Amino acid sequence: MGGPFALARWARLFSDINVFVEGFGTTLLVSLVALSMALVAGIIFGMFSMSGLGLLKAVSRVYVEFFQNTPLVIQVFFFYNALPYAGIRMDVISIGIIGVGLYHGAYVAEVVRAGILSIPRGQKDAAASQGFSYTQAMCYIILPQATKVILPPLVNQAVNLIKNTSVLALIAGGDLMYRSDSWASNGSLSYGPAYVVTGVLYFILCFPLARWARRFEERLKMREHMTVPQEAAEEGAGE
């Protein structure tokens, strides 16, 4: 077929474009479900890390340190190979969702913890004085205020999560990377067009999120710059 980017290779790719569309759909599904899991786990363990109970803090630290300091590939292989020995049998997509979701949940937990720390201690004390429990204070007082701090890094985690779904290719997960590699290795070895199209499809998923996160951060910085002079002017007028 000539060179790695010969027209014949591209023609063959577009004749089999449904392979890439199906892989794209699987990657999107895994990303959405794994992101939901990561958010739930991250919020729970982020709150645990700021709890006054030592046991909850310890559980949170063990979770975060384990998943942050071991490779995602090893974790996914562990779930794939170890769960059947425990009598738990799941399809590869579910294993990928759990692996990617728990892995990024550890990073989301740290983002949530940093967001909670950014809120003045007095907010928590005020909530306690009004009869709020720890969970109620977090849900109704602290986390809503911390949203503007944690949202940009959360979006960055979502981008990383989407890219890390490619780990499913190692366990034949049917994701975009697996479909691309399988198609390219099946006879014609058209890796050039396959990887270009795969990269473009990942870009389509990730770039809008990354762009939105940057614009959101810029708006926050502009708002802070506008707020500081206004507060200084009000203080001067009061004097």
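Key figures for this structure:
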item	result
Residue match in the stretch 105-119 (condition: outside any helix (DSSP H, G or I), β-branched (Val, Ile, Thr), on the phi < 0 side of the Ramachandran plot and in contact with a helix residue (DSSP H, G or I) (Cβ under 7 Å, 6 or more places away or on another chain))	yes
Number of the exception - THR27 against (1) hydroxyl-bearing (Ser, Thr, Tyr); (2) surrounded by fewer than 19 Cβ atoms within 10 Å (Cβ to Cβ); (3) within 17 Å of ILE171 (Cα to Cα)	(2)
Residue, surrounded by the fewest Cβ atoms within 10 Å (Cβ to Cβ), within the stretch 85-111, restricted to residues that are at pLDDT below 90 and aliphatic (A, V, I, L, M)	ALA86
Tally of residues being closer than 28 Å to LEU176 by Cβ and touching a helix residue (DSSP H, G or I) at 6+ places or on another chain (Cβ under 7 Å) across the stretch 202-224	8
Residue in the stretch 191-209 that is surrounded by the most Cβ atoms within 10 Å (Cβ to Cβ), counting only those that are under 18 Å from PHE24 (Cβ atoms) and among the small types (Gly, Ala, Ser)	ALA194
Pairs, first without any contact (Cβ under 8 Å) to a residue 40 or more places away in the chain and among the hydrophobic types (A, V, I, L, M, F, W, C) in the stretch 131-143, second in a loop (DSSP other than H, G, I, E, B) and surrounded by 14 or more Cβ atoms within 10 Å (Cβ to Cβ), C-beta under 6 Å, six or more apart	ILE142/ILE119
GLN157 surrounded by 19 or more Cβ atoms within 10 Å (Cβ to Cβ), within 30 Å of PRO120 (Cα to Cα) and out of contact with any Pro (no Cβ under 6 Å at 6 or more places or on another chain)	yes
All positions within the stretch 47-91 that are outside any helix (DSSP H, G or I) and under 21 Å from ARG113 (Cβ atoms)	MET50, SER51, GLY52, LEU53, ASN69, THR70
Residue check, LYS148 part of a helix (DSSP H, G or I), more than 23 Å from GLY96 (Cα to Cα) and touching a Leu at 6+ places or on another chain (Cβ under 7 Å)	yes
Count - residues of the stretch 38-70 that are over 12 Å from GLY105 (Cβ atoms), surrounded by fewer than 14 Cβ atoms within 10 Å (Cβ to Cβ) and free of Cβ contacts under 8 Å to residues at least 60 places away in the same chain	8
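Condition check ((1) of a type in the set (S, T, N, Q); (2) surrounded by 18 or more Cβ atoms within 10 Å (Cβ to Cβ); (3) more than 20 Å from LEU35 (Cα to Cα)) across all residues:
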site	(1), (2), (3)
ALA126	no, no, yes
SER129	yes, no, yes
THR135	yes, no, yes
LEU176	no, yes, no
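The values are calculated or read from the model by the stated rules, or taken from the named source; none is laboratory data. Remember, it's a predicted structure, so these values are computed and weren't measured experimentally. With ideal geometry, Cβ positions are generated from the backbone for all residues, glycine too; neighbour counts draw on all protein chains shown.
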